[in-house]
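Read through the structure below, which is laid out as structure tokens, and then see the notes.
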Protein chains: 2
Amino acid sequence: MSADSSHADDIAMKGGGYYSLATKGAKDVIDMATPLVMRALDGIDLAGHDGPFTMADMGCADGGTSIDMIGQVVERIRAAAPTLPISMVYTDQPNNDYNALFRIVYGMTDIPTALPGYDNVHMFASATSFYREILPPATLDLGFSATAMHWLSAKPGDISDHVQAVGASGRELAAFVEQGRKDWERILLCRAAELAPGGRMVMVNFGKDEQGRYLGNTGGVHMFDTFNEIWRSFVADRVVTEAEYVAATLPQYYKTLEEFTDPLTDPASAVYRAGLRLEHAETRVVACPYAAEFRADQSRGEGDPAAFARAYIPTLRSWTESTFFAALAPGRPIAERREIIDAYYDDYEARVRSDPAGHGMDYVHAYMIVSKT
Amino acid sequence: MSADSSHADDIAMKGGGYYSLATKGAKDVIDMATPLVMRALDGIDLAGHDGPFTMADMGCADGGTSIDMIGQVVERIRAAAPTLPISMVYTDQPNNDYNALFRIVYGMTDIPTALPGYDNVHMFASATSFYREILPPATLDLGFSATAMHWLSAKPGDISDHVQAVGASGRELAAFVEQGRKDWERILLCRAAELAPGGRMVMVNFGKDEQGRYLGNTGGVHMFDTFNEIWRSFVADRVVTEAEYVAATLPQYYKTLEEFTDPLTDPASAVYRAGLRLEHAETRVVACPYAAEFRADQSRGEGDPAAFARAYIPTLRSWTESTFFAALAPGRPIAERREIIDAYYDDYEARVRSDPAGHGMDYVHAYMIVSKT
């Protein structure tokens, strides 16, 4: 989520080219989900709504990627119920940049937004994790969350020969499967408590699709295997220890569509009994905007592998760096740890620069609508 | 309000002495208002409350000064209605530091708070000004605001021979009186819309008391006259121009108790017709914590005028600097403007250091409870 915190700055730097791509992928995913949000909204009785209509974007980062989607939702609500008061609640973790969020959603940056122009639209922020009940019981009409809920509430263990659960096996994999199951149940039970009867939640989460594809593994160079290979090579080169290698395990789990939907379709599950129902589920792939731009440049005979590598690596670094940094022995001086981490991403960048073909971080998401009985 | 933004840092610097006083005065004022908040709460039917109980602190800054008061309110609500869900909404201007706010109210700093320990207490922030409707209609049960609403929505003109409306006269004073009246009506009409029937709002606002006292004018050295004298001397010394002198006018107005209560007691007023009623009004003086500490030190034969002056001036500077800075001609280089402003507060500090007796910023507030029919 912190990947988006610098959105305003990135936009301010709009020199064209790769700069504006920093959050394009995340925004593409949300824009593509907007028809599903509208479909969810169509299931809600707006004209007969009692009290304010409450919306939430959970894992909103700086609010920039969802701003067009939210604007369209508000417009649709206004068309159906011109005087219905709307509460829009932006939520993320306590370490999110809420100052940047408010600047963006109040229209104080270069990012265009229609939100401040509406009467009776009340904006709020919450720093409560989606592993807890963010809103009071039965008050949420339309929830949304994109690219946030793959982060586990805790790391269920280290993976001895990889950096992400996609490379785990045996008992180590089982621990991630179980943590993913428990965390997903907890997330859904919190939403079941928050949603008003008839309310809907649209979730767009990183996952594994029916062809086994997932983030950065859609036929080209395998992103997580590349992370792992370089980190492993640092052990061979005696830059990091075996213990440091093992400790670098991302606290993430990519569920299959079945794992996502099971608690929503099994009448015996706690989630089903709490009143949550599956309305829609599908997987989709959204192309890496950096790789797409590079290919477009190449097709015009202008592709610059160095520029592509320089632009692409920071987006990978933004959500992986803290895990690799934390894996390094605390006994190492900070400067030494920083040097190792810089060298790590420099190595990845050099690989992309020298052989760019197939590199890229295509998004693979599960798109779901759930409703509350 | 921004005066409190560095609360967490100040507390972190707790070396004793004056450092911990930076927000002590503002917190004293709120702690002293807590019995009034409890009285307002007693007027609300908690056991029979329908839906979540919504509270708001409008002009909360970093939330540190109200944290004990809010904790006591939550405890009282829990005692009367153990399972009643509570929404606590912290509000301020868009340029407030919401990251600092969330760290404090979620208990991530050294400032003790019981809030995160309660189940079913949901915290939110809003960056909507209290000159607009912050919350959806009829959803606010208990509002609170301290030391914030003396800031006018706009400066109604400059004051030709003073820096604050307390030194204005004639037509210039009349413009501030009228702006204060209009702004207060707007503030109250917004609260009338937000408050639920039976809801209460406790407001603690800078004002003029029955003896004509106001902030920094309670019998000792007149704080605003001192500001004005030094600024005027800068014209004589050709540091600033006459135009710059005049432009330095604080967009504030201190109302009398009558001006505060008139719209709430006049059946013909828009505010009264909107359903707001006066439940309680009084004025109180709270001693300047810096001056009090200095006097206590003196009584032990330990008073250090230089230390007092060094500690006291930053709190005056925190809420006046932007006005003086903005009054300087934009044609002056930034560095030159900074130098002038530094010299201005250095001059004030030198005055306090050389003759500390009578300096201090005692708080004079109007304390009110209003209810919604």
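Selection of the stretch B:90-123 for residues being outside any loop (DSSP other than H, G, I, E, B), over 27 Å from B:Trp151 (Cβ atoms) and within 8 Å of chain A (Cβ to nearest Cβ) yields only B:His122.
Conditions tested, residue by residue: (1) of a type in the set (D, E, K, R); (2) touching a Leu at 6+ places or on another chain (Cβ under 9 Å); (3) modelled with pLDDT under 95.
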site: B:Ile187; (1), (2), (3): no, no, no
site: B:Val204; (1), (2), (3): no, yes, no
site: B:Glu210; (1), (2), (3): yes, yes, no
site: B:Gly220; (1), (2), (3): no, no, no
site: B:Ser233; (1), (2), (3): no, no, no
site: B:Arg238; (1), (2), (3): yes, no, no
site: B:Glu259; (1), (2), (3): yes, no, no
site: B:Asp262; (1), (2), (3): yes, no, no
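Going residue by residue through the stretch A:72-87, is there one that turns out to be among the polar types (S, T, N, Q) and free of Cβ contacts under 8 Å to residues at least 12 places away in the same chain? No; the residues of the stretch A:72-87 include none that is among the polar types (S, T, N, Q) and free of Cβ contacts under 8 Å to residues at least 12 places away in the same chain.
The residue that is nearest to B:Ala291 (Cα to Cα), counting only those in the stretch B:209-220 that are buried (at least 18 other Cβ atoms within 10 Å of the Cβ) and in contact with a helix residue (DSSP H, G or I) (Cβ under 9 Å, 6 or more places away or on another chain), is B:Gly216.
For the stretch A:139-155, a tally of residues being free of Cβ contacts under 8 Å to residues at least 60 places away in the same chain and not polar (S, T, N, Q) returns 0. Residues in the stretch A:233-244 that are without any contact (Cβ under 8 Å) to a residue 24 or more places away in the chain and either under 30 Å from A:Val204 (Cα atoms) or assigned to a helix (DSSP H, G or I) (or both): A:Val235, A:Ala236, A:Glu242.
Filtered by the rule that a residue be in a strand (DSSP E or B), open to solvent by 10 Å² or more (accessible area, probe 1.4 Å) and more than 9 Å from chain B (Cβ to nearest Cβ), the stretch A:124-141 gives a lone residue, A:Asp141. Reported count of residues in the stretch B:69-94, each being closer than 19 Å to A:His122 by Cβ and of a type outside the set (Val, Ile, Thr), is 7.
If the condition is being of a type outside the set (D, E, K, R) and more than 22 Å from B:Met123 (Cα to Cα), then the stretch B:34-68 contributes B:Pro35, B:Leu36, B:Gly43, B:Gly48.
Given the criteria out of contact with any helix residue (DSSP H, G or I) (no Cβ under 6 Å at 6 or more places or on another chain), β-branched (Val, Ile, Thr) and modelled with pLDDT under 95, does B:Val74 qualify? Taking the combined requirement at face value, the residue does not satisfy it. Quick one: would you say B:Ala287 is out of contact with any Asp or Glu (no Cβ under 7 Å at 6 or more places or on another chain) and open to solvent by 30 Å² or more (accessible area, probe 1.4 Å)? For B:Ala287, the condition - out of contact with any Asp or Glu (no Cβ under 7 Å at 6 or more places or on another chain) and open to solvent by 30 Å² or more (accessible area, probe 1.4 Å) - is not met.
For A:Arg191, indicate whether it is of a type outside the set (Ser, Thr, Tyr) and open to solvent by 60 Å² or more (accessible area, probe 1.4 Å). No; evaluated as a whole, the condition is false for this residue. For the residues B:Glu321, B:Glu302, the requirement of being of a type in the set (Asp, Glu), open to solvent by 50 Å² or more (accessible area, probe 1.4 Å) and part of a loop (DSSP other than H, G, I, E, B) singles out B:Glu302. I need the full set of residues from the stretch B:154-173 which are within 20 Å of the chain's Cα centre (by Cα), of a type in the set (A, V, I, L, M) and crowded, with 21+ Cβ neighbours inside 10 Å, in order please. Once the filter is applied, which keeps residues that are within 20 Å of the chain's Cα centre (by Cα), of a type in the set (A, V, I, L, M) and crowded, with 21+ Cβ neighbours inside 10 Å, the stretch B:154-173 yields B:Val163, B:Ala165, B:Val166.
The residues of the stretch A:266-301 that are without any contact (Cβ under 8 Å) to a residue 60 or more places away in the chain and touching a Leu at 6+ places or on another chain (Cβ under 7 Å) amount to a single one, A:Tyr272. Can you tell me which residue within the stretch B:25-66, out of those that are of a type in the set (Asp, Glu) and open to solvent by less than 10 Å² (accessible area, probe 1.4 Å), is farthest from B:Met368 (Cα to Cα)? Checked the stretch B:25-66; the qualifying residue farthest from B:Met368 (Cα to Cα) is B:Asp62. Of everything listed in (1) within 23 Å of A:Phe53 (Cβ to Cβ); (2) surrounded by 24 or more Cβ atoms within 10 Å (Cβ to Cβ); (3) more than 8 Å from chain A (Cβ to nearest Cβ), the single unmet condition for B:Ser87 is (3).
Tell me, please, whether a residue that is farther than 24 Å from B:Thr261 by Cβ and away from chain A (no Cβ under 14 Å) can be found in the stretch B:177-197. Scanning the stretch B:177-197, I find no residue that is farther than 24 Å from B:Thr261 by Cβ and away from chain A (no Cβ under 14 Å), so the answer is no. Just wondering, is there one or more residues in the stretch A:233-248 that are crowded, with 19+ Cβ neighbours inside 10 Å, within 26 Å of A:Ser153 (Cα to Cα), in contact with a strand residue (DSSP E or B) (Cβ under 7 Å, 6 or more places away or on another chain) and not polar (S, T, N, Q)? No: the stretch A:233-248 contains no residue that is crowded, with 19+ Cβ neighbours inside 10 Å, within 26 Å of A:Ser153 (Cα to Cα), in contact with a strand residue (DSSP E or B) (Cβ under 7 Å, 6 or more places away or on another chain) and not polar (S, T, N, Q). Taken as a whole, the structure leaves B:Ala81 outside the set of residues that are more than 9 Å from chain A (Cβ to nearest Cβ) and open to solvent by 20 Å² or more (accessible area, probe 1.4 Å). Every condition in (1) open to solvent by 10 Å² or more (accessible area, probe 1.4 Å); (2) among the aromatic types (Phe, Trp, Tyr); (3) in contact with a helix residue (DSSP H, G or I) (Cβ under 9 Å, 6 or more places away or on another chain) holds for B:Phe206 except the one numbered (3).
The values are calculated or read from the model by the stated rules, or taken from the named source; none is laboratory data. Bear in mind that the values here come from a model prediction, so they are computed numbers and not experimental data. Here the Cβ is made from the backbone with ideal geometry for all residues, glycine too, and neighbour counts use every protein chain on show. Calculation scope for accessible area: heavy atoms of the full protein, side chains included, ligands and nucleic acids excluded. Shrake-Rupley method; radii C 1.70, N 1.55, O 1.52, S 1.80 Å.
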